[in-house]
Every structure is written in structure tokens, then in C-alpha cells.
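Written below as C-alpha cells is the structure these notes are about.
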Amino acid sequence: MPRKLVEWKIKNELWRIGERTLFCGVINITPDSPADGGRYEDPDRALVRATELVDQGADFIEIISDSMRQGSQRVPEAEELRRLVPVLKRFKSRIAVPICVETYKPAIAEKAIEHGATIIKDPTGLTLEQDLARVVTKHDVGFIVQHMRGTPETWAKLTSFQDPVGVVMAELTAALNRAGRLGVERNRLVADPGLGIGKRKEANTGLLVGLDEFSKLRMPIQVSPSGKAFAAEIPVEPCDATTIAAATMAVLRGAHIIRLDDVGAVRPAVLIADQALRG
């Protein structure tokens, strides 16, 4: 099935997306990250890693300074800025691709943009801080809206749910409409169905299988498969192989952007999937 061609506006630059898959390389600068284990809290190490990700093919870099993981507690803004600002300062003029910062906090977004970020990603789908959309509108940055079910504090208690594609599509559409009502231009938006964000492995697999439904949004679709669990005939633990399989499936189902902890490990499979889409 051909992938829809879409546009994404970041500041004054218009990206036409769909001929090939874009890659978002993730750097987690929190001390308790399951992916990075606190290795990149140091700005110099974070810079080295960002350079590696760009060399691997990342089209933009995302920085996480307050992880959304099961059971996590939110950190104060002052602590988040202590982690984030030195890294952004280190990246400035040294990283040639756009920088995205994951946050739902308007004050953090303001400071991130002040220090060079041109994309904001809200992991909560505008369920916690709708004023974040006003910050995006004020600065004309790109805005990635991710679906989240519940909150990290409640994820362990959430039960399985029926029709994950229908539920996520409806709730993500509502979040995108909220962004629009708050002034965010449609072509500045990217939608992410939020694999693993309050969702169990059966829902993650269901979202991959039904990902083509999200093409109805007529905007870039981002999928984040790193470290996520998926249902299979036998028990399968999250690993590089499952990430590669999920990323490949997502591309073949219409994803425009694949968000990864390790771009180099997954990129070859995505390049093959891109070639398959071209026929």
C-alpha cells in the first residue's frame, strides 16, 4: 500500500514526508532511564551520542529530561531544567539536525525553544497542560502529539482494552483538535499512537496491525517501537529484534517517522521496507 505524502512545518521550513522514512534518534538524560541508564546526563556524553545518532541517519534528535515510565514520579521544573539546559547549550551550533524536546510543561517548552529546540513533543496528548499548545503556536515550532492512556502512576493498574485502534484514533483525534483550537497549524502537527504508553503488548500489536487507519489524519505518523512489548505465539521479550520487526511493520503500514534509541540497528530494515513501498 503506498504511503501518503504529507507535510510538516518546523519554524519556517516545510518538510515533505513520505518518499522515505524519517528517523528520530532519542537521548534520555534522566538518571533512571531503562534505555540509557543515566549515561547521557553529562552534556559532553550527550553530544557524542547525538553525533553518533546523526551519523547513523537520524533526521532529528529528541531529548528526554523527565522520563515517562511505569510508576515514575514527575520531577520539579527546576530539576528538569538543570538536566536539560546544559545539554541544549552543548548541542547548539554543533548538531546540524533539528532538536526536539519531550515535555508536557509549558515553562520547560519555553526554555527549550529559547535554547534552540524547534520541535516539542507532548507525551500526554495535551491531557495535562493544554497551555503547551499556546507555546507551540507562539514560537511556530513543530509539535508531536503522542497518545497516552492513564498516567505513569496508574499504568500498572490499567486493564486490557478492546479495539485499541478505535480508542486511540478517537482520543488522538480529540487531542489534535484541541491543539488546533489553541492555534496550532495543522501542518505543524505529527501524531504518535503511543506504543506502550499505558498499553499492554496486545494493544501494541493491535495498533501496529491497524496503523494504516491513522493515515486518515492526513499528517505525519510517528511510531516509537524501542523497548516495547508485543504479542506473539510464544512469549517474546523486548529486544533489538522485536524493535526491528515492529519498525518494519510500522513503515509498511504507513508510518512516516520511526523514533528509536538506536537508529543504526534498525535503519537497514527500514531502508528495505522503504524500497518495498516503492515497488
Exercise. Residues of segment 209-240 being crowded, with 16+ Cβ neighbours inside 10 Å, out of contact with any Pro (no Cβ under 8 Å at 6 or more places or on another chain) and in a helix (DSSP H, G or I), which ones?
Worked result: Asp212, Glu213, Ser215, Leu217
Seminar exercise, completed: Within segment 203-236, residues being touching a helix residue (DSSP H, G or I) at 6+ places or on another chain (Cβ under 8 Å) and acidic (Asp, Glu) number 1
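Would you mind stating whether Asp59 is within 24 Å of Pro268 (Cβ to Cβ), at pLDDT below 90 and buried (at least 17 other Cβ atoms within 10 Å of the Cβ)?
Details: within 24 Å of Pro268 (Cβ to Cβ): yes; at pLDDT below 90: no; buried (at least 17 other Cβ atoms within 10 Å of the Cβ): yes.
Here the answer is no, as Asp59 does not meet what is asked.
If the requirement is being in contact with a Lys or Arg (Cβ under 7 Å, 6 or more places away or on another chain), among the hydrophobic types (A, V, I, L, M, F, W, C) and at pLDDT 95 or above, which of these qualifies: Val48, Val26?
Numbers: Val48 fails: in contact with a Lys or Arg (Cβ under 7 Å, 6 or more places away or on another chain).
Residue meeting the stated conditions: Val26.
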Seminar exercise, completed: Log entry, pairs with first residue in segment 251-275 being farther than 23 Å from Asn28 by Cα, second being among the charged types (D, E, K, R), beta carbons closer than 6 Å, six or more apart or on different chains, reads Arg253/Asp212; Gly254/Arg3; Gly254/Asp212; Asp274/Arg20
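For (1) within 21 Å of Glu7 (Cα to Cα); (2) among the small types (Gly, Ala, Ser); (3) free of Cβ contacts under 8 Å to residues at least 40 places away in the same chain, each residue gets a yes or a no:
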residue	(1), (2), (3)
Lys111	no, no, yes
His147	yes, no, no
Glu171	no, no, no
Ala175	yes, yes, no
Pro193	yes, no, no
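Of the residues that make up segment 66-83, is at least one under 30 Å from Leu271 (Cα atoms), small (Gly, Ala, Ser) and at pLDDT below 95? Break it down stepwise before answering.
Going residue by residue through segment 66-83, those that are under 30 Å from Leu271 (Cα atoms) are 67-69.
Going one step further and asking which of them are small (Gly, Ala, Ser), we end up with 67.
Then keep just the ones that are at pLDDT below 95; that gives 67.
Within segment 66-83 (the criterion being under 30 Å from Leu271 (Cα atoms), small (Gly, Ala, Ser) and at pLDDT below 95), the answer is yes, since at least one residue qualifies.
Go through segment 254-268 and give me each residue that's of a type outside the set (A, V, I, L, M), crowded, with 18+ Cβ neighbours inside 10 Å and in contact with a helix residue (DSSP H, G or I) (Cβ under 7 Å, 6 or more places away or on another chain).
Taking segment 254-268 and keeping what is of a type outside the set (A, V, I, L, M), we get 254, 256, 259, 261-262, 264, 267-268.
Then keep just the ones that are crowded, with 18+ Cβ neighbours inside 10 Å; that gives 254, 256, 259, 261, 267.
Gly254, Arg267, listed by residue number.
Which residues, taken from segment 180-212, are charged (D, E, K, R) and closer than 26 Å to Leu14 by Cβ? It would help to see each step written out before you state the result.
Step one: list which residues in segment 180-212 are charged (D, E, K, R), which gives 181, 185-186, 188, 192, 199-202, 212.
If the condition is that a residue be charged (D, E, K, R) and closer than 26 Å to Leu14 by Cβ, then Arg181, Glu185, Arg186, Arg188, Asp192, Asp212 are the ones that fit.
Looking at segment 82-109 only, could you name the residues that are free of Cβ contacts under 8 Å to residues at least 40 places away in the same chain and of a type in the set (A, V, I, L, M)?
Within segment 82-109, the first condition is being free of Cβ contacts under 8 Å to residues at least 40 places away in the same chain, and the residues that meet it are 82, 85, 88, 92-93, 99, 101, 103-107, 109.
Hits for segment 82-109 are Val85, Leu88, Ile99, Val101, Ala107, Ala109.
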Exercise. Is it the case that Val251 is out of contact with any strand residue (DSSP E or B) (no Cβ under 6 Å at 6 or more places or on another chain), crowded, with 19+ Cβ neighbours inside 10 Å and either polar (S, T, N, Q) or in a helix (DSSP H, G or I) (or both)?
Worked result: yes
Exercise. Can you find a residue in segment 176-197 that is among the charged types (D, E, K, R), in contact with a strand residue (DSSP E or B) (Cβ under 8 Å, 6 or more places away or on another chain) and under 16 Å from Arg20 (Cα atoms)?
Worked result: no
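The values are calculated or read from the model by the stated rules, or taken from the named source; none is laboratory data. This structure is a prediction, so every number in the text was calculated from the model and none was measured. So basically every Cβ, Gly included, is an ideal-geometry build from the backbone, and we count neighbours across all protein chains shown.
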